[in-house]
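Report on the structure given below.
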Amino acid sequence: MKKFWRCFVCNDIHYGLKPPEVCPTCLVKHAYVEISAREAKTIIGNEGGSEFDREDFARAIERFMAGNEFKVNPDRERVNLLLTGILDNARNHGLKYCPCRLMSKDFAEDLKIVCPCNFLIHETYRGQDKGECWCGLFIKRQ
Amino acid sequence: MAKLIMFHGRECPHCRAMHPIVDKLEKDAGIAFERLEVWHDEKNAELMRSYKPVIVAKCGGQLRVPTFLNADTKDAVCGEMPYEKLKEWASK
């Protein structure tokens with residue numbers, strides 16, 4: 001089961017089965033201690049806050065793709081439509097769900113369709129020369 | 001006539017691409033789909049979820065749009081496809 005972990009040096013928070021061996025922020029080894037969900041949420045802040053706007057999310061995915069074998073689809077009209085749908089879903093349904101899938105209403109199951117999803121394992125991407133995620137936001141670099 | 005449904009998302013590019021094909025199927029072959037948008041209409045979403053076992057079996061294990069469903073035979077196909085392929089499926 002996934003747990004919360006805190007870096008005792010710089011207070012980075014990690015959520016997962018195991019913590020990182022090296023803290024990505026302060027670079028100290030073996031720095032994470034398990035903490036409660038309550039402590040993690042207190043450190044992160046329980047107040048909710050606002051979701052990314054279009055520019056924030058566009059910047060986030062540009063940075064995300066920079067080190068990867070895929071890129072954002074150069075079709076700007078398609079991307080704009082998808083960003084509208086993704087952010088509408090964040091506003092209306094709580095998370096940035098893919099506009100080309102539908103929530104099953106099982107929260108754990110539906111985490112698999114939060115954008116970016118793990119499209120590397122999908123049949124539309126894996127093993128395809130011109131692979132793309134289901135909605136076409138991300139495509140394989142040629 | 002079989003009850004055919006197209007579940008679609010308003011901001012789904014694949015769905016947008018399929019609407020003219022569904023229009024053409026209706027006009028040229030008299031095959032009509034009831035088109036139900038699922039991200040902005042919770043009743044439609046619930047209906048699509050009610051067919052989850054049928055849909056996920058045919059659609060990569062997920063609820064995807066566009067999904068074309070024959071509510072009588074419980075057959076489904078999903079994704080963007082050429083006119084002839086949708087016509088062949090709808091005519092089964």
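Let's see how each residue does on (1) farther than 25 Å from B:LEU36 by Cβ; (2) touching a residue at least 60 places away in the same chain (Cβ under 8 Å):
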residue: A:ILE44; (1), (2): yes, no
residue: A:ALA58; (1), (2): yes, no
residue: A:ASN73; (1), (2): yes, yes
residue: A:GLU77; (1), (2): no, no
residue: A:LEU83; (1), (2): no, no
residue: A:LEU95; (1), (2): no, no
residue: A:PHE107; (1), (2): no, no
residue: A:ASN118; (1), (2): yes, no
residue: A:THR124; (1), (2): no, no
* A:ARG78 fails exactly one of the following numbered conditions: (1) surrounded by fewer than 19 Cβ atoms within 10 Å (Cβ to Cβ); (2) in contact with a helix residue (DSSP H, G or I) (Cβ under 8 Å, 6 or more places away or on another chain); (3) more than 8 Å from every other protein chain (Cβ to nearest Cβ); (4) in a helix (DSSP H, G or I). What is the number of that condition? -> (3)
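Taking the options A:CYS26, A:CYS10, name whichever one is touching a Ser or Thr at 6+ places or on another chain (Cβ under 6 Å), over 14 Å from A:LEU137 (Cα atoms), assigned to a loop (DSSP other than H, G, I, E, B) and not assigned by TED's automatic domain parsing to the domain that holds A:CYS135.
On the way: A:CYS26 fails: touching a Ser or Thr at 6+ places or on another chain (Cβ under 6 Å).
After applying the criteria, what remains is A:CYS10.
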* Long-range neighbours under 9 Å by Cβ, at least six apart or interchain, first residue more than 11 Å from chain B (Cβ to nearest Cβ) and buried (at least 23 other Cβ atoms within 10 Å of the Cβ) within the range A:129-141, second of a type in the set (Phe, Trp, Tyr) and part of a strand (DSSP E or B) -> A:CYS133/A:PHE70; A:PHE138/A:PHE70
* Kindly list, by first and then second residue, each pair from a residue in the range B:39-65 that is without any contact (Cβ under 8 Å) to a residue 12 or more places away in the chain and under 10 Å from B:ALA76 (Cβ atoms) to a residue that is of a type in the set (A, V, I, L, M) and in a loop (DSSP other than H, G, I, E, B), limited to pairs with Cβ atoms under 9 Å and residues at least 6 apart or on different chains. => B:VAL56/B:LEU63
* To do: Select from the range A:88-108 the residues that are over 13 Å from B:ARG10 (Cα atoms) and of a type in the set (A, V, I, L, M, F, W, C) and list them in ascending order.
  => A:ALA90, A:LEU95, A:MET103, A:PHE107, A:ALA108
* Asked: What residue, among those in the range B:1-39 that are under 20 Å from A:TRP134 (Cα atoms) and assigned to a loop (DSSP other than H, G, I, E, B), is nearest to the other protein chains (Cβ to nearest Cβ)?
  -> B:GLU11
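Just to be sure I understand, how many residues within the range B:56-75 are facing another protein chain (nearest Cβ under 9 Å) and within 15 Å of B:MET6 (Cβ to Cβ)?
Kept after step one, since they are facing another protein chain (nearest Cβ under 9 Å), are these residues of the range B:56-75: B:56, B:60, B:62-67.
Among the residues that remain, those that are also within 15 Å of B:MET6 (Cβ to Cβ) are: B:63-67.
Matching residues across the range B:56-75 total 5.
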* To do: Give the residues of the range A:92-118 that are assigned to a helix (DSSP H, G or I) and within 11 Å of another protein chain (Cβ to nearest Cβ), sorted by residue number.
  => A:ASN92, A:HIS93, A:GLU109, A:ASP110, A:LYS112, A:ILE113
* Run A:GLY49 past the list (1) assigned to a helix (DSSP H, G or I); (2) under 18 Å from the mean Cα position of the chain (by Cα); (3) not assigned by TED's automatic domain parsing to the domain that holds A:TRP134 and report the number of the one that doesn't hold. => (1)
* Boolean, A:THR124 is touching a strand residue (DSSP E or B) at 6+ places or on another chain (Cβ under 8 Å), in the same structural domain as A:GLU62 (by TED's automatic domain parsing) and either closer than 20 Å to A:GLU62 by Cβ or not in a helix (DSSP H, G or I) (or both) -> yes
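Are any of the residues in the range B:35-42 more than 24 Å from A:ASN92 (Cβ to Cβ), of a type outside the set (Asp, Glu) and out of contact with any Gly (no Cβ under 9 Å at 6 or more places or on another chain)? Break it down into steps so the answer makes sense when it comes.
Residues of the range B:35-42 more than 24 Å from A:ASN92 (Cβ to Cβ): none.
No, the range B:35-42 contains no residue that is more than 24 Å from A:ASN92 (Cβ to Cβ), of a type outside the set (Asp, Glu) and out of contact with any Gly (no Cβ under 9 Å at 6 or more places or on another chain).
The values are calculated or read from the model by the stated rules, or taken from the named source; none is laboratory data. As the structure is a computational prediction, the values presented were derived from the model and not from experiment. Note that we place each Cβ from the backbone using ideal geometry, even for glycine, and neighbour counts take in every protein chain shown.
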